[in-house]
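To start, the structure under review is shown below, and the notes come after it.
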Amino acid sequence: MKAISKLKSIASASPSRSRSLSLVSIGSRNVPASSFSSLLDEFTNFCYQRDLPRAMKAMDAMQRHGIWADSITYSELIKCCLARRAVNEAKLVHNHVFSNGHQPKTFLINILLNMYVKFNLLDQAQELFDQMPERNVVSWTTMISAYTNAKLNAKALKYLILMLREGVMPNMFTYSSVLRACDGLLSLTQLHCSIIKAGLESDVFVRSALIDIYSKLGELQNALGVFNEMVTGDLVVWNSIVGGFAQNSDGDEALNLYKRMKRAGFPPDQSTLTSVLRACTGLALLELGRQVHVHVIKFDQDLILNNALLDMYCKCGSLKDANFVFTRMLEKDVISWSTMIAGLAQNGFSREALNLFQSMKDYGAKPNYITILGVLFACSHAGLVEDGWYYFQSMKKLFGIDPGREHYGCIIDLLGRAGKLDQAIKLINEMGFEPDAVTWRALLGACRVHRNVDLAIFAAKQILKLDPEDAGTYILLSNIYANSQRWDEVAEVRRTMKAKGVRKEPGCSWIEVNKQIHAFILGDNSHPQIDEINSHLNQLIHRLMGLGYVPDTNFVLQDLEGEQSEDSLRYHSEKLAIAFGMISMSRGKTIRIRKNIRICGDCHIFAKLLTKMEQRTIVIRDPIRYHHFQDGVCSCGDYW
DNA sequence: CTAGGGTTAG
């Protein structure tokens, strides 16, 4: 406040104010006006020519003679400084326009403010802002936007309030900035009301910002409400709503909106396609993803879009396509490498993943937190205990990354799977993080592989303490008890589930055939070809049994999708989907299935034997990993 | 002079 009053007094005393008729402000009486004006002309020309060195020299001379140019000329000079990232020159301009008590217009100070923001010098911007004798909506918006971009949400919201208190009305620029600073529904609702009151809800920038922030807070119905409020003629508004659903794992709705968008006559751009690919990724829609790929070619070297395409192919289990995209990408960033490494690992190609990690380092790319996770995942799923342990131990030293909870999770998985359950428990105790549900699930997974019932019960109980809604774990626990005839405990688990209102999500498998998605659920007979499917499935089971297949009725430590009986096992959703794929797809085509629950041991054996008997390839993606079945073996090496 | 949309894990 002191600084402001000081500046104000200087401003009113400044001689330049009373001589504002000419562009030249004269601070000295001994020099003829004509030479001032030629100096000024020179300076102006250099600024417009973007000749920074000469402009700076001319500015220096002007400062000695107490001459100032008009704000537009300075703004040209500042643009030039920004383009060249000339911070020191920019500061000299700042000093110059305030020299000898000269008081620049608010317009020009705003430009200086914005300049500091763009140079990421927030402290300097703040200092200048504090000194401004007069702050208009642009000054406030510049600061708010700066704080929003710096993720200083509280500060951004505080500045909105201060601005209102000073009686400055926010405009659409202000709202589209400050909306991004909302981190709770309360502040967002308040802002939304103010926007409506100010009559700004139809502004496309405000609308897209509203949709985006509602989506980021998971309030998709509100986002959709804003979107449906009025028809939009703006691509970004469309992209916001499509992206909102894609990022909230509602691929179906994202794809519906995308269809609506195309019907409305909007050609998709990079951002749209990135979201659409993400939706395909979540739903494992390889064929639709391929169709989108055709549009992607138009935006050939867009890095983000290519990364999304790469991920889509990985998560749809088509490593051939993923490799094709990856090798053709001229520009690769850490996300491209991480995506490909994790993609190979999840699909069971651990060796390839580790080789690619080596290539990445040879190439000179710097791994990040997520890259290392992919590497550790590769090691754990290939049983490469020593490699994994080495990377885990040396990640800090080699890559400067501290192991996080997720890294510990991978290593617990690695040790657990390798049968080193004691070491895994030791690590949980030593890791310096409070173990979370994911940590205990890693241990539980290891118990499943090694059939360690007691430890499994312990881990399952820990999971339920931390995540009391986890239906799968209740079922698993109840199955364990049932298997040991501990009926009281079975009943107890069931009672808890009922009391908490936890219901098991039904196991479901999806398969995409001829651009149609077919869903199968155990016991659901609504598919039009269900009789044909059941009869084909029975035939397959019968023929496989003739070749030695025995349904695996050991249900212990398995989170089954239905009741425990051989008969229901027979109709697990993935078996139905496989049978359907066999009768509806030509022999050379890979049968690709996505399911929402992990594959059970019986279906795994079934699929393996089937690929041998029928010479087909089957890919099943479960929530954690991928199984590529071919010629009687699975890419997971029976290790999942 | 100030504003909006897209990618890796969990």
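Please pick out the residue among A:Ser336, A:Ser394, A:Ser350 that is over 22 Å from A:Trp640 (Cβ atoms), more than 9 Å from DNA strand B (Cβ to nearest atom) and polar (S, T, N, Q). Spell out the reasoning first.
Values: A:Ser336 fails: more than 9 Å from DNA strand B (Cβ to nearest atom); A:Ser350 fails: over 22 Å from A:Trp640 (Cβ atoms).
From the options A:Ser336, A:Ser394, A:Ser350, the qualifying one is A:Ser394.
Would you confirm whether any residue within the stretch A:449-470 is more than 24 Å from A:Arg495 (Cα to Cα) and in a helix (DSSP H, G or I)?
Yes: the stretch A:449-470 contains one or more residues that are more than 24 Å from A:Arg495 (Cα to Cα) and in a helix (DSSP H, G or I).
Taking the condition in contact with a helix residue (DSSP H, G or I) (Cβ under 9 Å, 6 or more places away or on another chain), of a type outside the set (A, V, I, L, M, F, W, C), near DNA strand B (Cβ under 10 Å from one of its atoms) and modelled with pLDDT of 95 or more, does A:Gly343 pass?
yes
Are any residues in the stretch A:119-143 near DNA strand B (Cβ under 8 Å from one of its atoms) and either out of contact with any Phe, Trp or Tyr (no Cβ under 7 Å at 6 or more places or on another chain) or not aromatic (Phe, Trp, Tyr) (or both), and if so, which ones?
A:Asn136, A:Val137, A:Val138, A:Ser139, A:Thr141, A:Thr142 - these are the residues of the stretch A:119-143 that are near DNA strand B (Cβ under 8 Å from one of its atoms) and either out of contact with any Phe, Trp or Tyr (no Cβ under 7 Å at 6 or more places or on another chain) or not aromatic (Phe, Trp, Tyr) (or both).
Write out, first by first residue and then by second, each pair whose Cβ atoms fall under 6 Å of each other, whose residues are 6+ apart or on separate chains, and whose first residue, in the stretch A:225-246, is without any contact (Cβ under 8 Å) to a residue 12 or more places away in the chain while the second is of a type in the set (A, V, I, L, M, F, W, C).
Partner pairs satisfying both residue conditions: none exist.
Mind telling me which of the residues A:Leu464, A:Leu415, A:Leu376, A:Leu455 ends up being assigned by TED's automatic domain parsing to the domain that holds A:Lys361, free of Cβ contacts under 8 Å to residues at least 60 places away in the same chain and not hydroxyl-bearing (Ser, Thr, Tyr)?
A:Leu376 is the lone residue from the list that is assigned by TED's automatic domain parsing to the domain that holds A:Lys361, free of Cβ contacts under 8 Å to residues at least 60 places away in the same chain and not hydroxyl-bearing (Ser, Thr, Tyr).
Which residues, counting only those in the stretch A:78-109, are more than 42 Å from the chain's Cα centre (by Cα) and either away from DNA strand B (no atom under 16 Å from the Cβ) or at positive phi (or both)?
A:Asn95, A:His96, A:Phe98, A:Ser99, A:Asn100, A:Gly101, A:His102
Residue-wise test of (1) part of a helix (DSSP H, G or I); (2) near DNA strand B (Cβ under 7 Å from one of its atoms); (3) more than 22 Å from A:Arg621 (Cβ to Cβ).
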| residue | (1), (2), (3) |
| --- | --- |
| A:Gln221 | yes, no, yes |
| A:Phe227 | yes, no, yes |
| A:Val236 | yes, yes, yes |
| A:Ala246 | yes, yes, no |
| A:Ala254 | yes, no, no |
| A:Met261 | yes, no, yes |
| A:Thr274 | yes, yes, no |
| A:Gly289 | yes, no, no |
| A:Ile297 | yes, no, yes |
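Output the residue which, of all residues in the stretch A:382-419 that are touching a His at 6+ places or on another chain (Cβ under 9 Å) and not in a helix (DSSP H, G or I), is modelled with the highest pLDDT.
So, considering only residues that are touching a His at 6+ places or on another chain (Cβ under 9 Å) and not in a helix (DSSP H, G or I), the one modelled with the highest pLDDT is A:Ile401.
In the stretch A:190-219, what count of residues is obtained for those that are within 16 Å of A:Val178 (Cβ to Cβ) and near DNA strand B (Cβ under 6 Å from one of its atoms)? Give the derivation first.
Just the residues of the stretch A:190-219 that are within 16 Å of A:Val178 (Cβ to Cβ), to begin with: A:190-198, A:200-201, A:203, A:205-214, A:216-217.
Right, trim to near DNA strand B (Cβ under 6 Å from one of its atoms) and you get A:203, A:205, A:208-209, A:212.
Counting residues in the stretch A:190-219 that are within 16 Å of A:Val178 (Cβ to Cβ) and near DNA strand B (Cβ under 6 Å from one of its atoms) gives 5.
Please specify each residue of the stretch A:115-172 satisfying the condition of being more than 27 Å from the chain's Cα centre (by Cα) and of a type in the set (Lys, Arg).
Result: A:Arg135, A:Lys158, A:Arg165.
Whether any residue in the stretch A:573-590 is buried (at least 16 other Cβ atoms within 10 Å of the Cβ), at positive phi and at pLDDT below 95 is what I want to check.
no
Kindly list the number of the only condition in (1) within 30 Å of A:Glu287 (Cβ to Cβ); (2) at pLDDT below 90; (3) of a type in the set (A, V, I, L, M, F, W, C); (4) surrounded by fewer than 17 Cβ atoms within 10 Å (Cβ to Cβ) that fails for A:Ile517.
(2)
Test A:Pro528 against the stated conditions and say whether it is in contact with a strand residue (DSSP E or B) (Cβ under 9 Å, 6 or more places away or on another chain) and either among the aliphatic types (A, V, I, L, M) or part of a loop (DSSP other than H, G, I, E, B) (or both).
When the stated conditions are applied, A:Pro528 does not pass them.
The values are calculated or read from the model by the stated rules, or taken from the named source; none is laboratory data. In this text, all values refer to a predicted model and were calculated from it rather than measured experimentally. Note: ideal-geometry Cβ built from the backbone for every residue, glycine included; neighbour counts use all protein chains shown.
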